[in-house]
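To start, the structure itself, in C-alpha coordinates.
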Amino acid sequence: MALYPVPAPGYNGINQNLFPFDVVSPVFKEWVQITPLFQLMGKEPSRPIVRKILGRGEGLQYRMSKLQALDYKNPIVNFDQRRGNAQQQQVDYDAVSVNFKSFLVQIKGYDILDYGTPIDLPPYARQQLVEAFSRCLNYDLFNAMTSTAYPALTTGSALTGNVAGHFPAYDRVVFPVAAGTLLARAAYQANGTFPTLVNGMQTSANTAPAGSGLSAKHLETLKQYAERGNAADIAVNSEYAIRPAYIKSKAGWPMNKYIYLAHPQTLPSLFADPLFANSTFNRGTVIDQENTPQTLNGADYIGEYRGIEIYSCRDLYQYAITSADGTKQAAWNLFMGAGALSIGWAEEPQIGMENDLVERIQLYFGHEFRGQKMLQFKSLYASQAGAVVGSNTVVEQGIIHSFVSF
(Lines give C-alpha, C1' and ligand atoms only; values in the text may rest on other atoms or scores of the structure.)
Protein backbone atom coordinates (compact mmCIF):
# COMPACT_ATOMS: atom_id res chain seq x y z
CA MET A 1 0.00 0.00 0.00
CA ALA A 2 1.33 3.44 -0.92
CA LEU A 3 2.07 5.84 1.93
CA TYR A 4 0.56 8.78 0.05
CA PRO A 5 -2.09 10.00 0.10
CA VAL A 6 -2.10 9.65 3.88
CA PRO A 7 -5.38 8.08 5.04
CA ALA A 8 -7.43 9.58 7.88
CA PRO A 9 -6.79 9.82 10.76
CA GLY A 10 -3.07 9.34 9.84
CA TYR A 11 -0.32 7.05 11.06
CA ASN A 12 0.43 6.32 14.73
CA GLY A 13 -2.12 8.87 15.84
CA ILE A 14 -0.49 11.71 13.92
CA ASN A 15 -3.00 13.79 11.93
CA GLN A 16 -2.81 13.13 8.20
CA ASN A 17 -2.18 16.82 7.44
CA LEU A 18 1.06 16.71 9.46
CA PHE A 19 2.83 14.46 7.04
CA PRO A 20 4.78 16.88 4.80
CA PHE A 21 5.96 16.35 1.24
CA ASP A 22 8.67 18.05 -0.78
CA VAL A 23 8.27 19.75 -4.19
CA VAL A 24 11.28 19.53 -6.46
CA SER A 25 11.96 22.97 -7.91
CA PRO A 26 13.24 22.01 -11.42
CA VAL A 27 10.33 21.44 -13.81
CA PHE A 28 9.88 19.36 -16.93
CA LYS A 29 8.97 21.44 -19.94
CA GLU A 30 6.82 20.24 -22.81
CA TRP A 31 9.06 19.30 -25.72
CA VAL A 32 7.98 19.85 -29.31
CA GLN A 33 10.52 19.81 -32.12
CA ILE A 34 9.83 21.87 -35.21
CA THR A 35 11.17 21.82 -38.74
CA PRO A 36 13.77 24.60 -39.13
CA LEU A 37 12.17 26.32 -42.11
CA PHE A 38 14.08 29.50 -41.27
CA GLN A 39 17.07 27.81 -42.95
CA LEU A 40 15.24 28.24 -46.25
CA MET A 41 14.68 31.98 -45.87
CA GLY A 42 16.55 34.72 -47.68
CA LYS A 43 16.03 38.10 -49.30
CA GLU A 44 16.87 36.82 -52.79
CA PRO A 45 13.95 35.77 -55.07
CA SER A 46 15.87 32.54 -55.71
CA ARG A 47 15.39 31.38 -52.10
CA PRO A 48 12.60 28.87 -51.29
CA ILE A 49 11.09 31.33 -48.77
CA VAL A 50 11.57 34.93 -49.85
CA ARG A 51 11.81 37.35 -46.93
CA LYS A 52 10.76 40.98 -47.08
CA ILE A 53 11.25 43.68 -44.43
CA LEU A 54 8.41 46.19 -44.37
CA GLY A 55 8.86 49.82 -43.41
CA ARG A 56 6.46 52.34 -41.90
CA GLY A 57 3.92 53.76 -44.30
CA GLU A 58 4.16 50.79 -46.70
CA GLY A 59 0.67 49.56 -45.88
CA LEU A 60 -0.75 46.39 -44.35
CA GLN A 61 -0.25 44.37 -47.51
CA TYR A 62 2.68 43.97 -49.87
CA ARG A 63 2.81 42.57 -53.37
CA MET A 64 5.32 40.24 -54.96
CA SER A 65 5.74 40.65 -58.72
CA LYS A 66 6.80 38.19 -61.41
CA LEU A 67 8.26 39.15 -64.78
CA GLN A 68 7.42 36.71 -67.54
CA ALA A 69 10.15 35.52 -69.86
CA LEU A 70 10.18 36.68 -73.46
CA ASP A 71 9.07 34.35 -76.24
CA TYR A 72 12.39 32.86 -77.32
CA LYS A 73 10.92 30.63 -80.03
CA ASN A 74 9.91 33.45 -82.36
CA PRO A 75 12.79 35.87 -82.97
CA ILE A 76 12.54 38.62 -85.53
CA VAL A 77 14.68 37.49 -88.45
CA ASN A 78 16.35 39.14 -91.41
CA PHE A 79 14.36 41.99 -93.01
CA ASP A 80 11.38 41.80 -90.65
CA GLN A 81 13.05 44.24 -88.23
CA ARG A 82 10.44 46.88 -87.40
CA ARG A 83 8.99 48.52 -84.32
CA GLY A 84 5.61 46.82 -84.57
CA ASN A 85 7.17 43.42 -83.98
CA ALA A 86 8.48 44.25 -80.49
CA GLN A 87 7.31 42.13 -77.56
CA GLN A 88 5.53 43.63 -74.58
CA GLN A 89 6.85 42.81 -71.13
CA GLN A 90 4.32 41.13 -68.82
CA VAL A 91 4.39 41.43 -65.03
CA ASP A 92 2.03 39.55 -62.69
CA TYR A 93 1.70 39.86 -58.91
CA ASP A 94 0.54 38.11 -55.75
CA ALA A 95 -0.55 39.91 -52.58
CA VAL A 96 0.53 39.07 -49.02
CA SER A 97 -1.42 40.47 -46.06
CA VAL A 98 0.32 41.30 -42.76
CA ASN A 99 -1.21 40.75 -39.30
CA PHE A 100 -0.30 41.84 -35.77
CA LYS A 101 0.13 38.89 -33.41
CA SER A 102 0.75 38.71 -29.66
CA PHE A 103 1.36 36.15 -26.95
CA LEU A 104 0.79 37.04 -23.28
CA VAL A 105 1.81 35.22 -20.09
CA GLN A 106 0.37 36.40 -16.77
CA ILE A 107 1.78 35.51 -13.32
CA LYS A 108 -0.55 36.55 -10.49
CA GLY A 109 0.61 37.06 -6.94
CA TYR A 110 4.24 36.44 -7.77
CA ASP A 111 5.42 37.45 -4.28
CA ILE A 112 2.97 35.03 -2.65
CA LEU A 113 4.25 32.26 -4.90
CA ASP A 114 7.81 33.04 -3.81
CA TYR A 115 6.88 32.01 -0.28
CA GLY A 116 4.34 29.33 -1.10
CA THR A 117 6.25 27.08 -3.53
CA PRO A 118 9.78 26.49 -4.78
CA ILE A 119 8.51 26.57 -8.37
CA ASP A 120 9.88 29.77 -9.94
CA LEU A 121 7.81 30.65 -13.01
CA PRO A 122 9.18 34.03 -14.23
CA PRO A 123 12.51 32.67 -15.59
CA TYR A 124 10.57 30.33 -17.87
CA ALA A 125 8.20 32.97 -19.28
CA ARG A 126 10.60 34.51 -21.80
CA GLN A 127 11.73 31.10 -23.02
CA GLN A 128 8.13 30.00 -23.47
CA LEU A 129 7.37 33.13 -25.50
CA VAL A 130 10.35 32.53 -27.78
CA GLU A 131 9.22 28.94 -28.33
CA ALA A 132 5.64 30.06 -28.97
CA PHE A 133 6.69 32.53 -31.65
CA SER A 134 8.94 29.94 -33.32
CA ARG A 135 6.24 27.29 -33.35
CA CYS A 136 3.63 29.78 -34.53
CA LEU A 137 5.89 30.80 -37.43
CA ASN A 138 6.31 27.19 -38.55
CA TYR A 139 2.61 26.51 -38.09
CA ASP A 140 1.64 29.53 -40.20
CA LEU A 141 4.12 28.63 -42.95
CA PHE A 142 2.87 25.05 -43.22
CA ASN A 143 -0.74 26.23 -43.14
CA ALA A 144 0.04 28.72 -45.92
CA MET A 145 1.22 25.81 -48.10
CA THR A 146 -1.68 23.51 -47.21
CA SER A 147 -4.89 24.00 -45.25
CA THR A 148 -5.10 27.80 -45.40
CA ALA A 149 -4.76 27.78 -49.18
CA TYR A 150 -7.01 24.73 -49.72
CA PRO A 151 -9.21 24.06 -46.66
CA ALA A 152 -11.54 21.77 -48.64
CA LEU A 153 -8.82 19.11 -48.85
CA THR A 154 -8.58 18.46 -45.13
CA THR A 155 -12.20 19.18 -44.21
CA GLY A 156 -13.67 17.12 -47.05
CA SER A 157 -16.35 19.75 -47.53
CA ALA A 158 -18.53 19.63 -50.62
CA LEU A 159 -17.53 21.95 -53.43
CA THR A 160 -19.66 24.67 -54.92
CA GLY A 161 -19.03 24.53 -58.65
CA ASN A 162 -15.75 23.36 -60.13
CA VAL A 163 -12.70 22.26 -58.17
CA ALA A 164 -10.78 25.32 -59.39
CA GLY A 165 -9.61 27.34 -56.42
CA HIS A 166 -10.64 24.59 -53.97
CA PHE A 167 -7.91 22.14 -55.05
CA PRO A 168 -4.36 22.90 -56.18
CA ALA A 169 -3.99 23.13 -59.94
CA TYR A 170 -3.61 19.69 -61.52
CA ASP A 171 -0.21 20.72 -62.87
CA ARG A 172 0.99 21.30 -59.32
CA VAL A 173 -0.17 17.94 -57.94
CA VAL A 174 1.28 14.44 -58.20
CA PHE A 175 -1.34 11.93 -57.06
CA PRO A 176 -0.58 8.21 -57.65
CA VAL A 177 -3.38 5.66 -57.47
CA ALA A 178 -3.32 1.98 -56.61
CA ALA A 179 -2.44 0.81 -60.10
CA GLY A 180 0.81 2.78 -60.01
CA THR A 181 -0.48 5.39 -62.42
CA LEU A 182 -1.35 9.02 -61.75
CA LEU A 183 -4.87 10.28 -61.22
CA ALA A 184 -6.14 11.62 -64.55
CA ARG A 185 -6.87 15.30 -65.05
CA ALA A 186 -10.55 14.66 -65.84
CA ALA A 187 -10.99 12.57 -62.67
CA TYR A 188 -9.22 15.20 -60.58
CA GLN A 189 -11.53 17.94 -61.83
CA ALA A 190 -14.74 15.91 -61.67
CA ASN A 191 -16.18 17.92 -58.76
CA GLY A 192 -15.81 15.16 -56.18
CA THR A 193 -14.53 15.91 -52.69
CA PHE A 194 -10.85 15.31 -52.11
CA PRO A 195 -11.40 12.39 -49.65
CA THR A 196 -13.32 10.71 -52.49
CA LEU A 197 -10.18 10.87 -54.63
CA VAL A 198 -8.21 9.26 -51.79
CA ASN A 199 -10.53 6.24 -52.10
CA GLY A 200 -8.44 5.20 -55.12
CA MET A 201 -5.24 4.87 -53.08
CA GLN A 202 -3.99 1.76 -51.32
CA THR A 203 -4.75 0.94 -47.69
CA SER A 204 -2.01 1.17 -45.08
CA ALA A 205 -1.51 -2.60 -45.09
CA ASN A 206 -1.12 -2.69 -48.87
CA THR A 207 0.74 0.56 -49.53
CA ALA A 208 3.73 -0.16 -51.77
CA PRO A 209 6.17 1.94 -53.80
CA ALA A 210 4.82 0.35 -56.97
CA GLY A 211 1.35 1.59 -56.08
CA SER A 212 0.33 4.76 -54.27
CA GLY A 213 3.18 4.85 -51.76
CA LEU A 214 6.22 7.13 -51.84
CA SER A 215 8.79 5.85 -54.33
CA ALA A 216 11.77 6.81 -56.44
CA LYS A 217 9.42 7.00 -59.43
CA HIS A 218 7.22 9.45 -57.53
CA LEU A 219 10.22 11.67 -56.76
CA GLU A 220 11.30 11.52 -60.39
CA THR A 221 7.79 12.50 -61.50
CA LEU A 222 7.87 15.51 -59.19
CA LYS A 223 11.17 16.59 -60.70
CA GLN A 224 9.78 16.20 -64.22
CA TYR A 225 6.75 18.31 -63.32
CA ALA A 226 9.10 21.01 -62.03
CA GLU A 227 11.22 20.93 -65.19
CA ARG A 228 8.29 20.76 -67.61
CA GLY A 229 6.17 23.18 -65.64
CA ASN A 230 3.15 20.91 -65.86
CA ALA A 231 1.85 17.35 -66.05
CA ALA A 232 2.77 15.16 -69.03
CA ASP A 233 -0.74 15.07 -70.50
CA ILE A 234 -0.37 18.53 -72.06
CA ALA A 235 2.35 20.28 -74.03
CA VAL A 236 5.68 21.07 -72.39
CA ASN A 237 5.86 24.56 -70.86
CA SER A 238 2.09 25.00 -70.84
CA GLU A 239 2.79 26.23 -67.31
CA TYR A 240 5.80 27.94 -65.79
CA ALA A 241 8.68 25.66 -64.86
CA ILE A 242 9.66 25.68 -61.18
CA ARG A 243 13.05 27.19 -60.53
CA PRO A 244 15.32 24.96 -58.39
CA ALA A 245 15.86 25.90 -54.77
CA TYR A 246 19.61 25.84 -55.42
CA ILE A 247 21.81 25.36 -58.48
CA LYS A 248 25.29 23.91 -58.40
CA SER A 249 27.60 22.83 -61.22
CA LYS A 250 29.23 19.53 -62.13
CA ALA A 251 31.53 19.14 -65.13
CA GLY A 252 30.15 22.40 -66.50
CA TRP A 253 26.54 21.24 -66.34
CA PRO A 254 23.92 22.45 -63.82
CA MET A 255 22.87 20.36 -60.84
CA ASN A 256 19.38 21.50 -59.94
CA LYS A 257 18.49 21.03 -56.27
CA TYR A 258 14.96 20.75 -54.91
CA ILE A 259 13.54 20.19 -51.42
CA TYR A 260 11.09 17.46 -50.44
CA LEU A 261 9.30 17.62 -47.08
CA ALA A 262 7.93 14.16 -46.31
CA HIS A 263 5.39 12.92 -43.79
CA PRO A 264 7.48 10.51 -41.64
CA GLN A 265 5.08 7.61 -42.16
CA THR A 266 5.59 7.71 -45.94
CA LEU A 267 9.32 6.98 -45.70
CA PRO A 268 9.06 3.18 -45.11
CA SER A 269 7.51 2.88 -48.57
CA LEU A 270 10.40 4.83 -50.08
CA PHE A 271 12.97 2.71 -48.24
CA ALA A 272 11.24 -0.45 -49.50
CA ASP A 273 11.57 0.69 -53.12
CA PRO A 274 14.35 -1.43 -54.71
CA LEU A 275 15.37 1.39 -57.06
CA PHE A 276 15.82 3.83 -54.18
CA ALA A 277 17.46 1.32 -51.83
CA ASN A 278 19.90 -0.11 -54.37
CA SER A 279 21.05 3.33 -55.49
CA THR A 280 21.48 4.70 -51.94
CA PHE A 281 22.04 2.74 -48.74
CA ASN A 282 22.38 -0.71 -50.38
CA ARG A 283 25.27 0.30 -52.63
CA GLY A 284 28.74 -0.71 -51.56
CA THR A 285 30.39 2.64 -52.25
CA VAL A 286 29.38 5.82 -50.44
CA ILE A 287 29.39 8.68 -52.94
CA ASP A 288 28.90 11.50 -50.44
CA GLN A 289 29.17 10.94 -46.71
CA GLU A 290 26.81 13.80 -45.89
CA ASN A 291 24.14 13.44 -48.56
CA THR A 292 23.88 9.71 -49.31
CA PRO A 293 20.65 8.41 -47.74
CA GLN A 294 21.10 5.85 -44.95
CA THR A 295 18.97 4.48 -42.14
CA LEU A 296 21.40 4.53 -39.21
CA ASN A 297 21.59 7.92 -37.51
CA GLY A 298 17.87 8.70 -37.51
CA ALA A 299 18.38 12.24 -38.74
CA ASP A 300 15.42 14.24 -40.03
CA TYR A 301 17.58 14.89 -43.08
CA ILE A 302 17.19 11.64 -45.00
CA GLY A 303 19.62 12.47 -47.78
CA GLU A 304 19.69 13.44 -51.43
CA TYR A 305 18.27 11.49 -54.36
CA ARG A 306 18.45 12.77 -57.95
CA GLY A 307 19.07 16.31 -56.73
CA ILE A 308 16.12 16.20 -54.31
CA GLU A 309 16.95 16.90 -50.66
CA ILE A 310 14.58 14.70 -48.61
CA TYR A 311 13.55 15.67 -45.07
CA SER A 312 11.39 13.81 -42.58
CA CYS A 313 8.96 16.49 -41.45
CA ARG A 314 6.88 15.79 -38.34
CA ASP A 315 4.91 19.02 -38.87
CA LEU A 316 3.07 17.22 -41.68
CA TYR A 317 1.45 14.71 -39.33
CA GLN A 318 -1.52 17.04 -38.84
CA TYR A 319 -2.32 17.39 -42.55
CA ALA A 320 -3.03 13.74 -43.35
CA ILE A 321 -6.31 13.18 -45.21
CA THR A 322 -8.62 10.22 -44.57
CA SER A 323 -10.47 8.75 -47.54
CA ALA A 324 -14.24 9.06 -47.82
CA ASP A 325 -14.61 5.31 -47.23
CA GLY A 326 -12.44 5.60 -44.10
CA THR A 327 -9.96 2.90 -45.14
CA LYS A 328 -7.04 4.91 -46.60
CA GLN A 329 -4.72 7.64 -45.43
CA ALA A 330 -3.07 10.19 -47.73
CA ALA A 331 -0.07 12.22 -46.64
CA TRP A 332 0.28 15.79 -47.89
CA ASN A 333 3.97 16.10 -48.76
CA LEU A 334 5.60 19.17 -50.29
CA PHE A 335 8.09 19.49 -53.13
CA MET A 336 9.69 22.94 -53.09
CA GLY A 337 11.75 25.06 -55.44
CA ALA A 338 12.61 28.75 -55.43
CA GLY A 339 10.03 31.38 -54.55
CA ALA A 340 7.66 28.92 -52.93
CA LEU A 341 6.55 31.33 -50.21
CA SER A 342 6.98 34.92 -49.19
CA ILE A 343 7.18 36.07 -45.59
CA GLY A 344 7.12 39.72 -44.62
CA TRP A 345 8.01 41.24 -41.26
CA ALA A 346 7.10 44.77 -40.37
CA GLU A 347 8.07 44.03 -36.77
CA GLU A 348 9.98 40.96 -35.67
CA PRO A 349 9.06 39.36 -32.32
CA GLN A 350 9.70 41.76 -29.45
CA ILE A 351 9.48 40.40 -25.90
CA GLY A 352 9.03 42.46 -22.75
CA MET A 353 7.61 42.48 -19.22
CA GLU A 354 5.23 44.74 -17.33
CA ASN A 355 5.13 44.74 -13.51
CA ASP A 356 1.91 45.81 -11.72
CA LEU A 357 2.93 46.71 -8.14
CA VAL A 358 -0.67 47.23 -6.99
CA GLU A 359 -2.22 43.92 -8.09
CA ARG A 360 1.10 42.06 -7.81
CA ILE A 361 0.93 40.82 -11.41
CA GLN A 362 3.78 40.26 -13.81
CA LEU A 363 2.74 40.33 -17.46
CA TYR A 364 5.20 38.95 -19.99
CA PHE A 365 4.34 39.76 -23.60
CA GLY A 366 5.57 39.36 -27.13
CA HIS A 367 4.42 41.14 -30.28
CA GLU A 368 5.17 40.71 -33.96
CA PHE A 369 3.80 42.10 -37.22
CA ARG A 370 4.03 39.42 -39.89
CA GLY A 371 2.41 38.01 -43.01
CA GLN A 372 3.12 34.96 -45.15
CA LYS A 373 1.68 33.34 -48.26
CA MET A 374 2.34 30.56 -50.71
CA LEU A 375 3.04 32.49 -53.91
CA GLN A 376 0.68 31.89 -56.84
CA PHE A 377 0.73 33.58 -60.20
CA LYS A 378 -1.46 33.60 -63.29
CA SER A 379 -1.83 30.22 -64.98
CA LEU A 380 -0.70 29.97 -68.59
CA TYR A 381 -2.66 26.80 -69.28
CA ALA A 382 -6.03 28.11 -68.06
CA SER A 383 -5.95 30.90 -70.65
CA GLN A 384 -5.00 28.64 -73.57
CA ALA A 385 -7.38 27.25 -76.15
CA GLY A 386 -8.24 23.65 -75.32
CA ALA A 387 -7.74 24.05 -71.57
CA VAL A 388 -10.04 21.95 -69.40
CA VAL A 389 -12.99 24.07 -68.34
CA GLY A 390 -12.66 25.19 -64.73
CA SER A 391 -8.88 24.88 -64.53
CA ASN A 392 -7.22 26.95 -61.83
CA THR A 393 -6.56 30.52 -62.89
CA VAL A 394 -3.42 30.64 -60.72
CA VAL A 395 -0.67 28.11 -60.05
CA GLU A 396 1.99 27.77 -57.39
CA GLN A 397 5.24 29.58 -58.06
CA GLY A 398 7.50 27.04 -56.36
CA ILE A 399 5.50 24.17 -54.84
CA ILE A 400 4.18 20.84 -56.08
CA HIS A 401 1.79 19.03 -53.76
CA SER A 402 2.73 15.37 -53.37
CA PHE A 403 -0.03 13.02 -52.17
CA VAL A 404 0.92 9.45 -51.28
CA SER A 405 -0.68 6.79 -49.11
CA PHE A 406 0.78 5.42 -45.90
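The values are calculated or read from the model by the stated rules, or taken from the named source; none is laboratory data. Bear in mind the structure is a predicted one, so any value in this text is a computation, not a measurement. Cβ atoms come from the backbone with ideal geometry, glycine included; neighbour counts cover every protein chain shown. SASA here: full protein model, heavy atoms, side chains in, ligands and nucleic acids out. Shrake-Rupley method; radii C 1.70, N 1.55, O 1.52, S 1.80 Å.
Assorted remarks:
- FRET efficiency for Ile76 and Glu30, using Cβ-Cβ distance with R0 set to 60 Å, rounded to 0.05: 0.35
- Dipole axis of segment 282-406 (+1 Lys, Arg; -1 Asp, Glu on Cβ), positive-most option in Ala299, Phe369, Phe335: Phe335
- Sequence ranges 141-148, 105-112, 94-101, ranked by mean other-Cβ count within 10 angstrom, highest first: 141-148, 94-101, 105-112
- For Lys66, solvent-accessible area (1.4 Å; no DNA, RNA or ligand), Å²: 40 Å²
- In segment 11-58, trypsin sites (Lys or Arg not before Pro) in a DSSP loop with at most 10 other beta-carbon atoms within 10 Å: Lys29, Lys43, Arg56
- HN-Hα J in Hz across segment 348-358 - Karplus 6.51, -1.76, 1.60, θ = phi - 60°, x for Gly and Pro: 6, x, 10, 10, x, 9, 10, 10, 9, 6, 7
- J(HN,Hα) series, segment 322-334, from Karplus relation 6.51 cos²θ - 1.76 cosθ + 1.60, nearest Hz, glycine and proline x: 8, 5, 5, 7, x, 10, 10, 10, 10, 8, 9, 8, 10
- Length released on extending from Met353 to Thr196, taking residue separation times 0.36 nm less the Cα-Cα span: 51.5 nm
- Residue-normalised accessible area of segment 181-236, given per residue in Å² at a 1.4 Å probe: 39 Å²
- Nonpolar atom fraction for segment 73-190, defined as the carbon and sulfur part of the 1.4 Å probe accessible area, stands at 54 percent.
- Taking a ≥ b ≥ c as the square roots of the eigenvalues of the alpha-carbon gyration tensor, segment 283-406 is classed oblate because a/c is 1.5 or more while a/b is no larger than b/c.
- If the chain linking Thr203 and Thr327 were pulled fully straight, counting 0.36 nm for each residue of separation and taking away their Cα-Cα distance, it would gain 44.0 nm.
- Computed on the chain, with alpha-carbon pairs under 8 angstrom and 6+ residues apart, the relative contact order is 24 percent.
- Net length gained if the chain between Ala385 and Ser46 were fully extended (0.36 nm per residue, minus Cα distance): 118.9 nm
- Förster-model FRET efficiency, 41 Å R0, Asp288 and Arg135, C-beta, rounded to 0.05: 0.80
- Long-range amide H partners of Gly229 with built H, under 5 Å: Ile242
- Amide H contacts of Ser379: Val394, Val395, each under 5 Å away and 5 or more positions distant or on a separate chain (H built 1.01 Å from N in the peptide plane; Pro and chain starts excluded).
- Here the 3J(HN,Hα) profile of segment 170-182, calculated from phi with Karplus coefficients 6.51, -1.76 and 1.60 at θ = phi - 60°, is 4, 7, 10, 9, 10, 10, x, 10, 4, 6, x, 9, 8 Hz, Gly and Pro shown as x.
- Mean Cα-pair separation over length for segment 173-302, i.e. relative contact order, pairs under 8 Å, 6 or more apart, %: 18 percent
- Among beta bridges that DSSP assigns inside the chain, antiparallel share in %, nearest 5: 80 percent
- Helix 216-228 and the longest principal axis of the C-alpha atoms of the chain enclose an angle of approximately 60°.
- Amide H contacts under 5 Å for Lys52: Ile343, Gly344, Trp345, restricted to partners 5 or more places along the chain or on a different chain, H placed in the peptide plane at 1.01 Å from N.
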